[in-house]
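A short worksheet on the structure shown next.
The values are calculated or read from the model by the stated rules, or taken from the named source; none is laboratory data. As the structure is a prediction and not an experimental result, all values here were calculated from the model. Positions of Cβ are backbone-derived with ideal geometry, glycine not excepted, and every protein chain shown enters the neighbour counts.
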Amino acid sequence: MAIAEMQKLNLVAMSYDKNSVLNALQRTGAAEVKFHGETENTLPFSVDAEELTSRLTRVEAALAALCSEVEKYDKEHKTNSAALKDGFSVDYSDFISAMDRREEIESTIEKINALIDERNGYKNELVKLRRELKGAEIYQSVQTPFSSFSDTAHTHGRLGSVLATQRDRFLEELSKLPLCETQHLANVGEFAVFFILSHKSVAAETDAILSSFAFSDCPYQGEKSGRENYFALRESENSLLEKIEENERGVYALKEEIRPLKIYSDALSFEIEKETVGEKIRSTATTFLLEAYVPTHMKERVEEELRSVSSAVYLEFSEPTEEDTPPTLLQNNSLVGNFEGITNMYSPPHYHEFDPNTVMGFFYSLFMGFIIGDMGYGLLMAIVGGYLWWKNKKAPTGMSRLAGAFACGGVFALLFGALFNSFFGIAIFGAENTIMPDPQKGMCSFASIEVPSVLVVALVIGIVHLLVGYLCKAYQEFRRGNRIDAIFDGIVWAVFSLGVALAIVGLVEFRKYPNVDLSFLAPIGGVTAGVSLLTAVVAAARKGKGFTRFTKSFGAAYGVINYASDILSYARLYGLMLSGAVVAQIISSASLGFFASGNILLIALAVVLMLVGHAFNLVMNLLGAYIHDARLQYVEFYGRFFEGEGELFSPIGSKQKYINIQ
């Protein structure tokens, strides 16, 4: 529940040591270079990363092409190449020395590009060949050489095809011509093949009829027959397919180059970052000036690394001023770290406020557990989510952390499932043996109004959530030394929330607990809420002068309407929980009915219904819980105290696309 304290590093070194200094800072993983203010007799470093960027583009294109081909080959041959997986560990020395392998990498890229170009050439040839094969297939039944169908001294011969649907009409029209013979050679697919031999005296009339039927002349000539021509093209197709297969094997053989390419790509990205960081530093004729933020607990490590670079490095650390805006480095254990991504989607905490993830993570898990409210679902969430989180604990990803958050929600879902007596929608302890009221049927009297009992529980949980939000406001103001604001903007409103909660509980008559009488809490809560509200309204005037004192007080009183609206927002907890519980109950009751029938087909259907139905219900519930739970944190909870607009700490050279540097 803390944000790491930062120190400002000011450094002056010789220009020729710039690369070594930046490497040393990257090696620590603990220095974010900031823009250096303009200093007399200094200029910004000149930046020219065009050649490096062009080289990276070339590497990335070759790497993407190689990975795509290897992945495709694995899929077709049901193999698995470990080199395709990112996030593998690389020693720092191997990472830095990767830039010395430029010639080797360039040679690999040339091989990849040559093979890809060759394969593309083969595929273009194959497309043309198959187009030709489609035409040659029409004449594959022709057994005599194409030269046999040529003109003679007195006759005109044409070999070709028309649509098979027009065959009979075609023959009928040609039969009307004198000195014209028509031979129907074959039907191939949708085409009919003909040889028409006519005397040259009627050649014009013959050609006119052929044209009216869109007669297509055979494109082949020579001593080959149609059959020989077709199978020669088939052999060419097979030869091309063999070449393509051989090419694919050649590309796949380069799969061991994927990791070196990934290491080189990340190393090249770091070189580009070192080049572009020149925009943030200043230089003189012989030196450069650099400023960076360093976590206080890493100061000695950074100083040690920089001293090892050169004796001509001057550096000093200082505290950030109030005008400075250091980056935010969250320091949480791995469990709370699962919820950092949820907060960061809204906004990272500002450096000058406290980290809310521990408190928010508790309520996020509580609300998710309430919404799911089933032991079976909670067990699945805890086991599956916990496994995915634990599996990636050493190198967490966004998905593994989200799985960890769902696992925490699963623990609370188990608890609420026990309270609601629900295991995949089945009341395993007996229909009447529940601690919490029935979500569907349990009703209570609230100020003589019949309302669902669990809805009241959801609203009270929401009020507690708001109360803690005001306490967080008070804590934040106390940390900054603003005691008056902490008391009147935080503690007083927290007491008001407590009074509202007590009043609601005192006004409710739970039929499930007829012997429990908490009506005495209503006047206590009412008085507490009234006095604290009056105090808050009067205290709000301190922030104004003259007439604005009145408007400030009126605004505080009017804020009670918004407060009531915020409380009603927590009704979504009940709505989401109720919908999931009803669906789970329907799925389980229908499945149990099928099981009881004794029919094998119905039993099989029951198994499918249980698996698919509950899986679908859980996924939909998780989606709704994820979204609406986050909304309650962002709007209702964070709206009380959270400022945000921080920038996450991003050390130089810390962003690798493919690898993890050891």
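Considering each of 263, 258, 281 in turn, give the residue that is under 30 Å from residue 659 (Cβ atoms), crowded, with 17+ Cβ neighbours inside 10 Å and in contact with a His (Cβ under 7 Å, 6 or more places away or on another chain).
Criteria check complete, one pass: 281.
Do we find a residue being of a type in the set (Asp, Glu) and under 29 Å from the mean Cα position of the chain (by Cα) anywhere in segment 34-52?
No.
Of (1) surrounded by fewer than 18 Cβ atoms within 10 Å (Cβ to Cβ); (2) outside the structural domain of residue 109 (by TED's automatic domain parsing); (3) not charged (D, E, K, R), residue 253 satisfies all except one. Which?
(2)
Mind listing whichever residues of segment 346-386 are farther than 24 Å from residue 469 by Cβ, assigned to a helix (DSSP H, G or I) and in contact with a Ser or Thr (Cβ under 7 Å, 6 or more places away or on another chain)?
Result: 375, single match.
Matching residues to (1) at pLDDT below 90; (2) of a type outside the set (Val, Ile, Thr); (3) not in a helix (DSSP H, G or I):
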| position | (1), (2), (3) |
| --- | --- |
| 152 | yes, no, yes |
| 161 | no, yes, yes |
| 166 | no, yes, no |
| 173 | yes, yes, no |
| 184 | no, yes, yes |
| 193 | no, no, yes |
| 196 | no, no, yes |
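Of the conditions (1) under 30 Å from residue 2 (Cβ atoms); (2) part of a helix (DSSP H, G or I), residue 457 clears all except one; give me its number.
(1)
Go through (1) under 30 Å from residue 101 (Cβ atoms); (2) in a loop (DSSP other than H, G, I, E, B) for residue 306 and report which single condition fails.
Single failed check for residue 306: (2).
Hey, among the residues in segment 471-518 that are farther than 23 Å from residue 640 by Cα and charged (D, E, K, R), which one's modelled with the highest pLDDT?
509
Scan segment 500-509 and tell me whether some residue there is within 25 Å of residue 442 (Cβ to Cβ) and outside any helix (DSSP H, G or I).
Yes.
Suppose we keep only residues that are of a type in the set (Phe, Trp, Tyr) and farther than 24 Å from residue 611 by Cβ within segment 390-428. Which one would you say is farthest from the chain's Cα centre (by Cα)?
Restricting to residues being of a type in the set (Phe, Trp, Tyr) and farther than 24 Å from residue 611 by Cβ, the top hit is 412.
Going residue by residue through segment 217-240, is there one that turns out to be charged (D, E, K, R), surrounded by 15 or more Cβ atoms within 10 Å (Cβ to Cβ) and over 19 Å from residue 148 (Cβ atoms)?
Yes; the residues of segment 217-240 include at least one that is charged (D, E, K, R), surrounded by 15 or more Cβ atoms within 10 Å (Cβ to Cβ) and over 19 Å from residue 148 (Cβ atoms).
I'd like to check something: does segment 105-113 contain any residue that is crowded, with 16+ Cβ neighbours inside 10 Å and more than 33 Å from the chain's Cα centre (by Cα)?
Looking for residues that are crowded, with 16+ Cβ neighbours inside 10 Å and more than 33 Å from the chain's Cα centre (by Cα), one finds at least one in segment 105-113, hence yes.
Could you list, in sequence order, the residues of segment 387-426 that are under 18 Å from residue 616 (Cβ atoms) and either part of a loop (DSSP other than H, G, I, E, B) or free of Cβ contacts under 8 Å to residues at least 12 places away in the same chain (or both)?
Once the filter is applied, which keeps residues that are under 18 Å from residue 616 (Cβ atoms) and either part of a loop (DSSP other than H, G, I, E, B) or free of Cβ contacts under 8 Å to residues at least 12 places away in the same chain (or both), segment 387-426 yields 422, 424, 425.
Sort out which residues of segment 315-331 are in a loop (DSSP other than H, G, I, E, B), out of contact with any Lys or Arg (no Cβ under 8 Å at 6 or more places or on another chain), of a type outside the set (Val, Ile, Thr) and surrounded by fewer than 16 Cβ atoms within 10 Å (Cβ to Cβ), and write them in order of number.
322, 323
Here's the yes/no breakdown for (1) within 19 Å of residue 302 (Cα to Cα); (2) in contact with a Phe, Trp or Tyr (Cβ under 9 Å, 6 or more places away or on another chain); (3) aliphatic (A, V, I, L, M):
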| site | (1), (2), (3) |
| --- | --- |
| 10 | yes, yes, no |
| 13 | yes, yes, yes |
| 20 | yes, no, no |
| 28 | yes, no, no |
| 41 | no, no, no |
| 48 | no, no, no |
| 52 | no, no, yes |
| 68 | no, no, no |
| 77 | no, yes, no |
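Looking at residue 264 and the list (1) under 27 Å from residue 90 (Cα atoms); (2) among the hydroxyl-bearing types (Ser, Thr, Tyr); (3) in a strand (DSSP E or B), which single condition is not satisfied?
(3)
Can you tell me which condition residue 300 does not meet? The list is (1) among the charged types (D, E, K, R); (2) closer than 18 Å to residue 397 by Cα; (3) over 23 Å from the mean Cα position of the chain (by Cα), and all the others hold.
Unmet for residue 300, out of (1) among the charged types (D, E, K, R); (2) closer than 18 Å to residue 397 by Cα; (3) over 23 Å from the mean Cα position of the chain (by Cα): (2).
Pairs under 7 Å by beta carbon, first residue within 17 Å of residue 165 (Cα to Cα) in segment 179-192, partner of a type in the set (Ser, Thr, Tyr) and outside any strand (DSSP E or B), six or more apart or different chains?
Final answer for the pair search is 185/141; 186/141; 188/141.
(1) over 30 Å from residue 247 (Cβ atoms); (2) not in a loop (DSSP other than H, G, I, E, B): which one isn't true of residue 118, the others all being true?
(1)
Filter segment 411-447 down to residues that are touching a strand residue (DSSP E or B) at 6+ places or on another chain (Cβ under 9 Å) and among the polar types (S, T, N, Q) and give me whichever is surrounded by the fewest Cβ atoms within 10 Å (Cβ to Cβ).
This residue is 440.
Kindly provide the set of residues from segment 79-101 that are free of Cβ contacts under 8 Å to residues at least 24 places away in the same chain and outside any loop (DSSP other than H, G, I, E, B), ordered by number.
Answer for segment 79-101, where residues must be free of Cβ contacts under 8 Å to residues at least 24 places away in the same chain and outside any loop (DSSP other than H, G, I, E, B): 82, 93, 97, 100.
Select from segment 569-588 the residues that are surrounded by fewer than 21 Cβ atoms within 10 Å (Cβ to Cβ) and more than 32 Å from the chain's Cα centre (by Cα) and write down the one among them that is nearest to residue 609 (Cα to Cα).
The residue in question is 586.
Please specify each residue of segment 286-307 satisfying the condition of being in contact (Cβ under 8 Å) with a residue 12 or more places away in the chain and touching a Ser or Thr at 6+ places or on another chain (Cβ under 9 Å).
Passing the criteria: 286, 287, 288, 289, 294, 298, 301, 302, 305, 306.
Looking at 395, 312 in this structure, which one is among the hydrophobic types (A, V, I, L, M, F, W, C), touching a strand residue (DSSP E or B) at 6+ places or on another chain (Cβ under 9 Å), surrounded by fewer than 21 Cβ atoms within 10 Å (Cβ to Cβ) and in the same structural domain as residue 21 (by TED's automatic domain parsing)?
312
Within segment 119-169, track down each residue that is free of Cβ contacts under 8 Å to residues at least 40 places away in the same chain and surrounded by 15 or more Cβ atoms within 10 Å (Cβ to Cβ).
Scanning segment 119-169 gives 164, 167.
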